[in-house]
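Engineer: Quick one: this structure, given as structure tokens, is what I'll be asking you about.
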Amino acid sequence: MEHSARTAPAEEPDGANGGRGDGPGGRRTSRRWVKPIVVLLLIAIPAGYLYISAMQSRSGSTTKREEAVAKGLEEGWPSKVQRRIYGMTVPAYATDVAHYETNSWRSSSLYLQFTTTRKKFDKWLKQVGTSPAALQDGRITIDEDEAATVGWEFGSGHHWKGTVREQDKPKPNFQITANMDNPDRPEVFVISTTTP
């Protein structure tokens with residue numbers, strides 16, 4: 001009687017069974033996808049959040065600038081706290097006083113304008129650490145982008161004088177520009193900036 005030789009079927013290596021996996025429904029194969037998906041989510045979610053935050057911050061700062069231009073400077077003196085932080089004073093009985101404050105993680109600035117007498121302006125310059133002699137004819141120390149923040153315009157056809165007062169941190173720096181069309185009633189524009 002002849003016996004037919006029976007051989008056991010060779011085991012298929014993992015993944016060679018049509019992607020079914022070892023368990024019912026290809027459980028092991030599906031588990032292999034879990035780890036890459038979790039890693040991808042752990043990277044993608046924070047990156048997406050940072051991107052959205054950056055876009056909102058950028059949009060917010062643009063919106064604040066637009067609001068500042070639309071609203072204009074706030075009339076009146078800066079608060080005592082602001083004057084202390086920015087080392088800023090306002091001459092007594094000054095007119096057309098207005099201010100605006102900006103803050104960011106890099107620096108904070110106080111924009112201030114006022115009209116005063118020449119004598120009081122000279123005294124004010126000394127109080128902020130400079131002098132009338134430091135003013136240079138034709139010098140505008142506030143650039144166009146800074147001026148646009150509050151709607152200031154420093155056009156031609158006016159007698160401008162300006163100076164910059166730089167100090168070591170954390171003391172503020174001053175950018176001072178004055179319209180001297182009427183030398184007895186200078187219109188003063190100043191930005192005091194502090195950096196951490």
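The values are calculated or read from the model by the stated rules, or taken from the named source; none is laboratory data. Not measured: the values here are computed from a predicted model. Cβ atoms come from the backbone with ideal geometry, glycine included; neighbour counts cover every protein chain shown.
Engineer: List pairs: first in region 125-141 and on the phi > 0 side of the Ramachandran plot, second buried (at least 19 other Cβ atoms within 10 Å of the Cβ), Cβ under 8 Å, 6+ apart or cross-chain?
Structural biologist: As it stands, the answer is 129/165; 129/174; 138/160; 138/161, since those pairs meet every condition given.
Engineer: May I pose another question? Restricted to region 155-173, and to residues that are in contact with a Gly (Cβ under 9 Å, 6 or more places away or on another chain) and either free of Cβ contacts under 8 Å to residues at least 60 places away in the same chain or of a type in the set (Gly, Ala, Ser) (or both), which residue is nearest to residue 126 (Cα to Cα)?
Structural biologist: 165
Engineer: Under the condition of being at pLDDT below 95 and loosely packed, with under 12 Cβ neighbours inside 10 Å, which residue from region 94-125 is farthest from residue 189 (Cα to Cα)?
Structural biologist: 105
Engineer: Quick test of your reading of the structure: residue 155 fulfils all but one of (1) within 24 Å of residue 84 (Cβ to Cβ); (2) modelled with pLDDT under 95. Name the failing condition by number.
Structural biologist: Result: residue 155 passes all but (1).
Engineer: Can I ask one more? For region 128-153, what are the residues that are among the polar types (S, T, N, Q), exposed (fewer than 15 other Cβ atoms within 10 Å of the Cβ) and touching a Gly at 6+ places or on another chain (Cβ under 9 Å)?
Structural biologist: Residue satisfying the conditions is 136 alone.
Engineer: Testing residue 163 on (1) surrounded by fewer than 18 Cβ atoms within 10 Å (Cβ to Cβ); (2) more than 24 Å from the chain's Cα centre (by Cα); (3) of a type outside the set (D, E, K, R), one condition comes back false. Which one is that?
Structural biologist: (1)
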